[in-house]
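The values are calculated or read from the model by the stated rules, or taken from the named source; none is laboratory data. Worth saying up front: this structure is predicted, and the values here are computed from it rather than measured. As a convention, Cβ positions derive from the backbone with ideal geometry for all residues, glycine included, and neighbour counts pool all protein chains shown. SASA here: full protein model, heavy atoms, side chains in, ligands and nucleic acids out. Shrake-Rupley method; radii C 1.70, N 1.55, O 1.52, S 1.80 Å.
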Amino acid sequence: MIDAKTNQATEYFAKIIFVNAACLNSNLILLNSTSNRFPNGLGNEHDILGRYIAFQNYRGSLNATLDGFEDGYYYGRRPVSPLMPSFRNVYKQETDFLRGYLVFWGAYRNTGNGNNTDGIGADFKDALSEAGEWGVYMSMQGEVIPKHTNHVRLSKDEKDDWGIPQLITSVSYDDNDEKMLKDFLSQGAEILDVAGCKNIVQNDSKQAPGLDIHEMGGIRMGKDPKTSMLNKWNQLHACKNVFVTDGACMTSVGNQNPSLTFMAITARAANYAVEQLKTRNL
Ligand SMILES: Cc1cc2nc3c(=O)[nH]c(=O)nc-3n(C[C@H](O)[C@H](O)[C@H](O)COP(=O)(O)OP(=O)(O)OC[C@H]3O[C@@H](n4cnc5c(N)ncnc54)[C@H](O)[C@@H]3O)c2cc1C
């Protein structure tokens, strides 16, 4: 450990170690933990560490307007902002892309002059607080499939303030992601149209994967030590006293919010670790 303020280094020793620095930083810590036995990162015997990085795709969104309901305003949870579970490829493969996407919904009142209110001072405030027509939005959370080529690695020359090599993220979208995005935008427009919305606008932010959240992978679980880093209890295959239980352990990302799964996996692994300590297996 290096104290961020004093730069003083301290070594800690423990029978078991849980590496939980969040997905990419856990990858960084293991990649930086080299030794004669593991020159390419702790437990990395088969060039798996840092590979199969995946994330969720938020590029697509839609906006529209809805006539009526002018006597209502939005407060707190009214109207609610629901999440719509994926309805694509649920029971069988039915599209030209794999997997699916969850949809976030919401409704809001535009300001009197639309959201591009001009003016200054009291007039501006009045215009802002005058409720205009209802707006509706939808946005996607698409499942990106982990690939060997989507990876993180250490920079050879860039270091942080403490001399530790920085992480390079080499991840991109592929054809499956593009087809899924297209499907969301056309399905979303159809749903909004059937619901009676107008002025439907489809948006592709084209933002890079690194600008999204819900990164996973790189220290994946699996039965085979040649194709995975962790066993079913989240222990490194090669070092049983090291556990990784954050998003780095995931082998697929789904389209749901993932953090409760990380917490459940962590509780399960911690329980197992305590049992193993008690029986002196660790
Ligand atoms: C804007 C936003 C919205 C989100 N919304 C949702 C949501 O609605 N639902 C959902 O399920 N998930 C959501 N997430 C994802 C969720 O926040 C993460 O999945 C979750 O926080 C991961 O928990 P963690 O413990 O693995 O990592 P973190 O909570 O990031 O904790 C990791 C800790 O490790 C520390 N650390 C890192 N590197 C080092 C190091 N080298 N040395 C010492 N300490 C280190 C960090 O400072 C941090 O305190 C969201 C994320 C963002 C950014």
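The residues on offer are C249, C239, and the sole one that is open to solvent by less than 50 Å² (accessible area, probe 1.4 Å), modelled with pLDDT of 95 or more and within 15 Å of the ligand (Cβ to nearest atom) is C249.
Within the range 11-31, the set of residues being assigned to a loop (DSSP other than H, G, I, E, B) and either among the small types (G, A, S) or touching an Asp or Glu at 6+ places or on another chain (Cβ under 7 Å) (or both) comprises A14, N20, A21, A22. Put simply, of N110, N57 the only residue that is closer than 30 Å to T169 by Cβ and of a type in the set (S, T, N, Q) is N57.
In the range 11-33, the residues that are open to solvent by 60 Å² or more (accessible area, probe 1.4 Å) and at pLDDT below 95 form no Cβ pair under 9 Å with any partner that is aromatic (F, W, Y) and more than 10 Å from the ligand (Cβ to nearest atom), whether six or more places apart or across chains.
In this entry, N234 is excluded by the filter for residues that are in the same structural domain as L31 (by TED's automatic domain parsing), over 18 Å from T266 (Cβ atoms) and within 16 Å of the ligand (Cβ to nearest atom). Look at the range 61-80: where a residue is more than 15 Å from F104 (Cα to Cα) and a partner is β-branched (V, I, T), sitting 6+ places away or on another chain with Cβ atoms under 9 Å, you get T65/V136; T65/I200; L66/V136.
Counting only residues that are surrounded by fewer than 16 Cβ atoms within 10 Å (Cβ to Cβ) and either within 10 Å of the chain's Cα centre (by Cα) or of a type in the set (D, E, K, R) (or both), the range 215-236 holds 4 of them.
Does the range 198-214 hold any residues that are open to solvent by 70 Å² or more (accessible area, probe 1.4 Å), within 16 Å of the ligand (Cβ to nearest atom) and either under 18 Å from Y52 (Cβ atoms) or in contact (Cβ under 8 Å) with a residue 12 or more places away in the chain (or both), and which are they? Correct list: I213 only. Which number in (1) of a type in the set (V, I, T); (2) out of contact with any Leu (no Cβ under 9 Å at 6 or more places or on another chain); (3) closer than 30 Å to N150 by Cβ; (4) within 16 Å of the ligand (Cβ to nearest atom) marks the one condition that T6 misses? Result: T6 passes all but (3).
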